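**Student:** Submitted below is the structure of interest, expressed as structure tokens.
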Amino acid sequence: MPRAALTATRSGLTRRCIGVYSATSQTSNSKQLAGPFDQPDGVYLAGLCRRRAGELPIIAVKTVVNKEEATKLVATYLRSLHVDETVTLTVFTDYTETHDFGWVFYYGDVNPLVSLDGNGPIIVDRNSGVLFETGTACPLSEYLKNFVETGNPNSYLGKVIVLNSVTDDARRIDAVMAIREYAKLSLGETKKCFEDCLDGDNPSIALQSVEDAETLGRRLTELGLVVSQYAEMR
């Protein structure tokens, strides 16, 4: 059975803002590979962008997308991939999964006898139209869990949190006690973190486990701090 490789490595760091439960990701210089094209209801392809070699390819659109528009975006992306000339990629629309965040699309060669390596399903965020590649190294459920938690299927929550800011009504004494309890820092070290944060810096705190980082992050958010939790890329 013939096989064709579709492989990519990914690296970098993304950060999840616990305070508002949203995710941000690194940006890098991108090269526009495809121009805009018309879609129903005024939705346009803003550009097929590849980050630095080996990093996650994305497609972005200007507005919320529906399933039909998301399918077109995936098809456009597949046409842009450089694969063996004997391979013709297609979206397996009968297997598309619908989730709260959007859709998961499966794809492969139009010839059922051709097996591809590395053709992990593609996630489309319904609220932004951004496409995210998953992979084949882990179960799909793990990629979906990562996407829900970090905004990227190829990252996972790490053990480091960052103090972004302290609100005026923050319960600072309770926050100091929480940091000392979970991070095992001295009183002086904890105070230094607060002082740096108040001075406009973003001090980081390393925890023993991902669970400790999540728990401390949520606790500090409850106490009036704006906290981010780093998510490490695969």
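The values are calculated or read from the model by the stated rules, or taken from the named source; none is laboratory data. Source: prediction; values computed, not measured. Every residue, glycine among them, receives a Cβ derived from its backbone with ideal geometry; neighbour counts consider all protein chains shown.
Here is a yes/no grid of residues against (1) under 30 Å from TRP103 (Cβ atoms); (2) touching an Asp or Glu at 6+ places or on another chain (Cβ under 9 Å); (3) of a type in the set (A, V, I, L, M):
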{"residue": "LEU131", "(1), (2), (3)": "yes, yes, yes"}
{"residue": "VAL148", "(1), (2), (3)": "yes, yes, yes"}
{"residue": "LEU163", "(1), (2), (3)": "no, yes, yes"}
{"residue": "ARG171", "(1), (2), (3)": "no, yes, no"}
{"residue": "LEU187", "(1), (2), (3)": "no, no, yes"}
{"residue": "LYS192", "(1), (2), (3)": "no, no, no"}
{"residue": "GLN208", "(1), (2), (3)": "no, no, no"}
{"residue": "LEU216", "(1), (2), (3)": "no, yes, yes"}
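**Student:** Still on this model: Could you check how many residues of the stretch 92-115 are of a type in the set (D, E, K, R) and touching a residue at least 40 places away in the same chain (Cβ under 8 Å)?
**Tutor:** 1
**Student:** Provide a single number: the residues in the stretch 138-152 that are buried (at least 17 other Cβ atoms within 10 Å of the Cβ), of a type outside the set (Phe, Trp, Tyr) and at pLDDT 90 or above.
**Tutor:** Residues in the stretch 138-152 being buried (at least 17 other Cβ atoms within 10 Å of the Cβ), of a type outside the set (Phe, Trp, Tyr) and at pLDDT 90 or above: 2 in total.
**Student:** Residues that are of a type in the set (S, T, N, Q), at least 1 per element: which strands (runs of 3 or more DSSP E) completely within the stretch 85-127 meet that?
**Tutor:** Output list reads 89-91, 97-99, 115-117.
**Student:** Quick one: PHE132 ticks every box in (1) touching a helix residue (DSSP H, G or I) at 6+ places or on another chain (Cβ under 6 Å); (2) outside any helix (DSSP H, G or I); (3) of a type in the set (Phe, Trp, Tyr) except a single one, so which number is it?
**Tutor:** (1)
**Student:** Next question. Among what's in the stretch 103-120 and is modelled with pLDDT of 95 or more and of a type outside the set (Ser, Thr, Tyr), pick the residue that is surrounded by the most Cβ atoms within 10 Å (Cβ to Cβ).
**Tutor:** Only one residue tops the list, namely PHE105.
**Student:** Can you name the condition, by its number, that TYR230 falls short on among (1) closer than 22 Å to PRO153 by Cβ; (2) touching a helix residue (DSSP H, G or I) at 6+ places or on another chain (Cβ under 6 Å)?
**Tutor:** Here TYR230 clears every test but (2).
**Student:** So, GLY224, is that one surrounded by fewer than 13 Cβ atoms within 10 Å (Cβ to Cβ) and farther than 30 Å from ILE123 by Cα or not?
**Tutor:** So GLY224 fails the test.
**Student:** Among the numbered conditions (1) farther than 30 Å from HIS99 by Cβ; (2) crowded, with 17+ Cβ neighbours inside 10 Å, tell me where GLU181 comes up short.
**Tutor:** If we test GLU181 against (1) farther than 30 Å from HIS99 by Cβ; (2) crowded, with 17+ Cβ neighbours inside 10 Å, just (2) comes out false.
**Student:** I've got another one for you. Checking TYR77 against (1) of a type outside the set (Val, Ile, Thr); (2) at pLDDT below 95; (3) more than 18 Å from ASN152 (Cβ to Cβ), only one condition comes out false. Which one?
**Tutor:** Among (1) of a type outside the set (Val, Ile, Thr); (2) at pLDDT below 95; (3) more than 18 Å from ASN152 (Cβ to Cβ), the lone unmet condition for TYR77 is (3).
**Student:** Select, from LEU223, LEU216, the only residue that is under 18 Å from ILE173 (Cβ atoms), out of contact with any Lys or Arg (no Cβ under 6 Å at 6 or more places or on another chain) and of a type in the set (A, V, I, L, M).
**Tutor:** LEU216
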